[in-house]
Amino acid sequence: MANVKISGMTAATALTGTEAFESVQSTNTRKVVATQVKTYVDNAAYTFNVPVSGFSLTIGASVQYLILDPAGTLATGTITMPASPTDGYRVGIASSKIVTALTLTPNTGQTIPNSPTALAAGVGVTFLYRSANATWYRIG
């Protein structure tokens, strides 16, 4: 594809995956390719769950947000992070009610420093995955 502006693209525009886009954040400019943009857009999905008690969930590969909406306060719950995230992948977790004792588990080979041990109602947490050291960092 030759020099097509994003604003000029339509739903029918075919990308080869080698097109480069510039992403500017403050004074940092980074080039990303079309497949990275597609992965980000495709992954902007969420899972809505209504746990009853003592829940255990694994966040799916294409899920960026896990929303919990229990009927009331939950005493315990376990959440396992996605198995094969890409570098820079983000996952947000929120609950409409309190989860008193939360166990946030990394998947095989991963680590999570500063993992929360509870979730407050309406207060979410967000993590960013760094593939170089297979670590989920809490960023929010």
**Asked** At a Förster radius of 41 Å, what calculated FRET efficiency corresponds to the Cβ-Cβ distance of Ala83 and Thr10, to the nearest 0.05?
**Response** 0.75
**Prompt:** Residue-wise, which Karplus ³J(HN,Hα) couplings in Hz belong to the stretch 52-59, taking 6.51 cos²θ - 1.76 cosθ + 1.60, θ = phi - 60°, and x for glycine or proline?
**Reply:** 9, 6, x, 6, 9, 10, 10, 6
**Asked** If the stretch 46-138 were replaced by its equivalent ellipsoid, with semi-axes equal to the square roots of 5 times the Cα gyration tensor eigenvalues, what would those be, largest first, whole Å?
**Response** 22, 12, 11
**Message:** Is there a quick way to get the dipole size of the stretch 36-140? I mean about its Cα centre, with the Cβ of Lys and Arg at +1 and of Asp and Glu at -1; what is the value in debye to the nearest 20?
**Reply:** 120 debye
**Item:** Backbone N within the stretch 67-108 under 12 Å of label point (7 Å from Thr126 Cα along the Cβ vector)
**Value:** 90-93
**Message:** Please list, ordered by chain and number, the residues whose modelled amide H lies under 5 Å from the amide H of Thr80; skip anything fewer than 5 residues away on the same chain.
**Reply:** Leu57, Thr58, Ile59, Thr105
**Request:** Starting from the Cα-Cα distance between Leu57 and Asn114, subtract it from 0.36 nm times their residue separation and give me the gain in nm to one decimal.
**Result:** 18.6 nm
**Segment Thr105-Asn133, extension gain: residue separation times 0.36 nm, minus the distance between their alpha carbons** = 8.5 nm
**Other-chain or far-sequence residues with amide H under 5 Å of Thr135's (modelled H)** = Thr111, Arg130
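Computed from the coordinates by the stated procedures, all read-outs in this text should not be read as laboratory data. Here the structure is a predicted model, which means the values were calculated and not measured. We place every Cβ from the backbone using ideal geometry, glycine too, and count neighbours over all the protein chains shown.
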